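Trainee: If you scroll down you'll find the structure; I have some questions about it.
The values are calculated or read from the model by the stated rules, or taken from the named source; none is laboratory data. Values in this document were obtained by computation on a predicted structure and should not be read as measured data. Counting neighbours? That spans all protein chains shown, and the Cβs are built from the backbone with ideal geometry, glycine included. For the accessible areas, the whole protein counts, side chains as well, though only heavy atoms, and no ligand, DNA or RNA atoms are used. Shrake-Rupley method; radii C 1.70, N 1.55, O 1.52, S 1.80 Å.
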Amino acid sequence: MSRETLLIGGVLPGFVAALSALFLKRAPKLTRTITLGALGLSAGVLGCLAFSTGASVTKLSYPWIPSWGISFGLKLDALSAFVAATVAFMGFVDLIYCFGYTKPEEVGSSFYGWISLFVASMIGVVMSTDLMQFYFLWELMLIPSTALIVYWGTGKNPEATGFKYFIITHVGALMILISFLWIMNATGTSDMDLIAGRLAALSPGVLTTMAVLLLGGFAVKMAIVPFHIWLPDAHSEAPLPVSVLLSAVMMDMGIYGMLRFLLGVFPSGILQSLSLPVMIFGVISQWYGGLEALGQTQMKRIAAYSTISQMGYVLFGIGSFTRTGVSGSVLHILNHGLAKALLFMTVGSVIHATGAHDLDEVGGLGRKMPLSALFGITAAFGLAGAPPLSSFHSEWRIFAGGFDSGRTTVSVMAVACSVLTAYYALRMIIRMFFGPGTGHENARESPPAMLAAMAVLALSSVLIGFVPRPLSVLVDYAVKTLGLGG
Amino acid sequence: MKGMVGNTGAVMAALASGAVVAFAVSTLTRSKRALSWVLGGLVSAGAFTVAIALLFPPYRSWNYMGLDELGLFLAPVGLALGIAVAGYSTRYMRESGGAGRYYGLLVLMVTGVVGILAARDTLGVYLYFELMSVSSYCLVSFRKEDRAPVDAGLKYVVLNATGSTLALMGIALSYLYTGSTALGAVGWAIGPQGSGLLSPGGLALALTVAGLGVKSAMVPFHTWLPDAYSYAPAGVSAIMSGIVTEMGFITMLKLILGEFSHPSRPFGYLLMFMAVITMTVGNLGALSQKDIKRMLSYSSIAQMGYMMAGMGMGIGLGLLDGVRGSLFHVLTHASMKAGAFLAAGLLIDALGTRDIRKMQGAGHRYPVISGVLVVSCLSLAGIPGFAGFMSKWWIYRAGLESGTGTGAFVSIMAILNSLCSLGYYLPLMFILFKKEKRAEAPVESSRTPWEIVPVVVLGFAVLFLGLYPVPVLKVLDAAALRTMALLGGM
């Protein structure tokens, strides 16, 4: 099979599964299996494609609205392959977790349908070749995620949470839209491969404004302070498997957008002028998220705030605009996903076993749930970037990038935040699994499906930590496609 | 005055005879109510279908009408909505009777729409406009046994008749000074090159804008609209919102573009200014509504603002993209707003309430209707993948493309307004599909496919136009180019 055929095979299954959910209203179990199969197929195909990509580019393009000059297509280069494979993989693992965590009879077929549409649209965003297509899929992402938050949310007022989530992320999308329209008007094309060459002719002032609009728009999706206000509620009140997708996967879309559009398109002079402010915003997010996480007692909220902090790391790496820093941020897409998904899943196991959402209500669960405790510790060390685990490589590169860029003060502040991260993550794990017990005599270890999902994530993290070579080769190619090959 | 009412041909003949036959047949069979509405619906839908067929090859050659490219784009929209509403209204007719009057008036109203597009001189435009208006007055107060529709209708008549009179004075003024009623023969110039706003030409412009501004719900002449739409039968609200109100705007355009040779700048800027106010007032008004039809009515005011914005940018800044967006928005708005009104009508009947807060969980019981309503709302809010985005996209784009502060301002205001509209669409969508099924005790009423099919078709039209608008673009571009040519070939 040609790579083009495989590419379609990687993107399509999620959409097909979503569509099938529409017709299988009465058979939630079947829908769940179909979704699992579809995401598994996607993950497998995209994974194989990613590791065989190297410097090659596979591109498919079809006319969509020819008289408007708009086409749609799929483009696979090292960067999009890496991100798309990560998204599909995380979606697949999350669905395995769902097998243990959610009861199909309770949530219904549409739950799985929305999840697969959500994952499929994210894969589509990453593969987009046209600005219009990108924007379409970008907004498509919003519909299933809002539906999942509103109709399956666990908080007191899921409508309000969903409303806030939709409106604020939509504001970000509109900033992106304005910038896209401007770019289309200025360059006369919406083909992402062509705009880079044509933008160079514009004046620096216009380019900077466009870049700031895009930065803002993508920062909303990444929940960078001060655009973070939608995140804590949305991530903590969504049903847990959805929290995993939101926190560990959807944030990557903002990162991908920044990489693809800012680094891939704008001249380096413009980027250099934005470097310091971006790094400062990164550090603020790191510290803000970490400190907020320290102050929370609700387990899901701690994990949610930790996402803000981790996105600060990523933004810091991007902001350095050095090869090392950016490659660290790219790698962190996967590593943050692994650690954060694992953390949410650990929290999910505790909630599943005890029904408690608050740290004060749990304790000493380690004896009853030893495996969950082990995975929780892995997650906490992963977030903190401890050496044997995968995040060490990405966080190390991010900080190195910061020092490379010559901005020592900001970089020191960024590094110092690692201590805070380790503190709040370990504090949460210790209070959940160690210390005196607080009732919950009936708490039992999670079902095998949940443990399996967590084991996959933890083992991946350890494996990548010890054998980073294949991934770092892929990431280096990805950074090269952005013109930072050096 | 040869050709005063345009060179009307087979299309007009089909519509006129359709109106007469629908009225006659339904009235004659009045004693058998079922037969009456079936015949009325069939005849009017048939007349619309024949009229559409006559607009396209191979039958187009049978009637050379006065329809230019603009008319060829808009007339099918009106006729297609007519078919949808004719089918949908059968539910209402079953209960209330009076099918003869209803279908006769419906066909006459659409005849007026086509006639305005076909007319070639100012008086012809006016006459068809009045045909459309008078039919719509009657249709709004069709439920004359209730108090509210009659009050709403009265308000509507008084304001719109005043508007019509003002417009007629504008037409009379131009006839007085030039001795001609042919569109395009007057050639007044206003603004930098021509005379000022206080000249007879300026007065005619002001009278026409104000007069037809009433019909097109331009703020501050919009106050009749929420009452009229929310108390009219759902089918009537749908077609009024979908094409009749738009025709007020198109009539304004036709008259002004026909009478003034360089109306471009002042009129365009005026339109842009009014557009921003209209969409903002409409959206803010909709935010606080609890009645679903009232909410949709206010949203119609806002959507009129988008059309004015696009057209204003076309006229004031010479941007083809603005005109294209504006005209496309007439089509997309017709499908999404009509879909929303029809679906809302069915929901109101099924649940026995118009209050959005009491519609909790209705989507689980009526998934198809609610689905169409959600699709229409997403489209109205300008979410990509749905029709409304495609037309708004050009309007947004035109202003940014102009490179002027005014254009960019109008675009940004349009974008912010779309955002604001989510403030009332999102809660509606959330409530419809909320988990707990606690909707009010349903007033069970049997449903026929005649009512559901138009709703579903409109829902699919919204999706289709939003994902693959290619089939309509050729006609749209021709219409936009034609309008630009009327503007003086910019």
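Trainee: Counting Lys and Arg as +1 and Asp and Glu as -1, what is the net charge of the other residues whose Cβ lies under 14 Å from the Cβ of residue A:384?
Mentor: With Lys, Arg at +1 and Asp, Glu at -1, the net is +1.
Trainee: Roughly how large is the B-A contact in terms of buried accessible area, totalled over both chains, probe 1.4 Å, nearest 100 Å²?
Mentor: Interface area, both chains combined: 2900 Å², rounded to the nearest 100.
Trainee: For the protein assembly as shown, what is the calculated [θ] at 222 nm in deg cm²/dmol (nearest 500), taking -39500 (n - 2.57) for each run of four or more DSSP H residues and dividing by its residue count?
Mentor: -25000 deg cm²/dmol
Trainee: Between residue B:95 and residue B:290, what FRET efficiency comes out of the Förster formula 1/(1 + (r/R0)^6) with R0 = 22 Å and r the beta carbon distance, rounded to 0.05?
Mentor: So the FRET efficiency works out to roughly 0.30.
Trainee: Count neighbours as other Cβ atoms within 10 Å of each site's Cβ, and list the trypsin sites (Lys or Arg not before Pro) in the range A:394-486 that are DSSP loop with at most 16 such neighbours.
Mentor: Here the sparse-neighbourhood loop sites are A:444.
Trainee: In the protein assembly as shown, what percent of the accessible surface is made up of carbon and sulfur (1.4 Å probe, ligands and nucleic acids excluded)?
Mentor: In the protein assembly as shown, the share of accessible area belonging to carbon and sulfur is 68 percent.
Trainee: A further question on this structure: Round to the nearest 0.05 the FRET efficiency obtained for residue A:16 and residue A:229 when R0 = 41 Å and r is the Cβ-Cβ distance.
Mentor: It comes to 0.70.
Trainee: Please list, short to long, the whole-number percent of alpha-carbon pairs of the range B:263-490 in consecutive 10 angstrom bins beginning at zero.
Mentor: 9, 33, 31, 17, 8, 1
Trainee: Taking a 1.4 Å probe, which of A:360, B:477, A:94 shows the most accessible area, and what order do the others take after it?
Mentor: Result of the area sort, largest leading: A:360, B:477, A:94.
Trainee: Through the Karplus equation 6.51 cos²θ - 1.76 cosθ + 1.60, θ set to phi - 60°, convert the phi angles of the range B:90-107 into ³J(HN,Hα) values in whole Hz; use x for Gly and Pro.
Mentor: 3J(HN,Hα) across the range B:90-107, in whole Hz: 4, 4, 6, 5, 4, 8, 9, x, x, 4, x, 4, 4, 5, x, 5, 4, 5.
Trainee: Find the accessible area per residue for chain A; the probe is 1.4 Å, ligands and nucleic acids are left out, and the unit is Å².
Mentor: 32
Trainee: May I ask you to derive the FRET efficiency for residue A:268 and residue A:52 from their Cβ-Cβ distance with R0 = 45 Å, giving the value to the nearest 0.05?
Mentor: 0.90
Trainee: How large is the accessible surface per residue of the range B:263-490, computed with a 1.4 Å probe and reported in Å² as a whole number?
Mentor: Computed with neighbouring chains in place, this is 30 Å² per residue.
Trainee: Along the Cα-to-Cβ line of residue B:175, 7 Å from the Cα, sits a label point; which residues in the range B:203-242 have backbone N less than 17 Å from it?
Mentor: B:204-205, B:207-208
Trainee: Averaged across the residues of A:63-71, what count of C-beta atoms belonging to other chains lies within 10 Å of each residue's C-beta?
Mentor: Mean partner-chain Cβ count within 10 Å for A:63-71: 3.
Trainee: Counting just the Cα atoms, what span does chain B cover along each of its three principal axes? Round to the nearest Å and put the largest first.
Mentor: 66, 51, 44
Trainee: Which helices of chain A meet both criteria: a Cα extent of 20 Å or more along the helical axis and a mean Kyte-Doolittle score no lower than 0.0, with helices taken as whole DSSP H segments?
Mentor: Helices meeting the criterion: A:3-23, A:28-51, A:78-101, A:109-127, A:158-187, A:204-222, A:268-295, A:299-319, A:323-354, A:370-384, A:408-433, A:448-466.
Trainee: I'd like the orientation of helix B:320-351 relative to chain B: the angle between its Cα long axis and the longest Cα principal axis, in ° from 0 to 90, rounded to 10.
Mentor: Approximately 20 degrees, to the nearest ten.
Trainee: Another one. Restricting things to Cα coordinates, could you compute the convex hull volume per residue of chain A in Å³?
Mentor: That works out to 128 Å³ per residue.
Trainee: Still on this model: To test your reading of the geometry: what angle, between 0 and 90 degrees and rounded to tens, separates the Cα axis of helix B:449-467 from the longest principal axis of chain B?
Mentor: Rounded to the nearest ten degrees, it is 50.
Trainee: Here's another thing I want to ask about it. In nm, give the distance between the simple-model label positions of residue B:59 and residue B:409, each being 7 Å from the Cα along the Cα-to-Cβ direction.
Mentor: That separation, rounded to one decimal, is 4.9 nm.
Trainee: Tell me the angle of helix B:10-28 to the major Cα principal axis of chain B, expressed in degrees between 0 and 90 and rounded to the nearest ten.
Mentor: 30
Trainee: Heavy-atom accessible surface, probe 1.4 Å, ligands and DNA/RNA ignored: which residues of the range B:366-385 lose at least 20 Å² versus the isolated chain?
Mentor: Those residues are B:378, B:383, B:384.
Trainee: I would also like to ask the following. What is the sum of charges, Lys and Arg at +1 and Asp and Glu at -1, for the other residues whose Cβ falls under 11 Å from the Cβ of residue B:37?
Mentor: +4
Trainee: Still on this structure: Across the Cα atoms of the range A:267-486, what radius of gyration and what greatest pairwise Cα-Cα distance (Dmax) are found, in Å?
Mentor: Looking at the range A:267-486, its Cα Rg and Dmax stand at 18.1, 62 Å.
Trainee: Now a separate question. Within 11 Å, Cβ to Cβ, of residue B:475, how many net charges do the neighbouring residues add up to if Lys/Arg are +1 and Asp/Glu are -1?
Mentor: After counting each charged neighbour, the total is 0.
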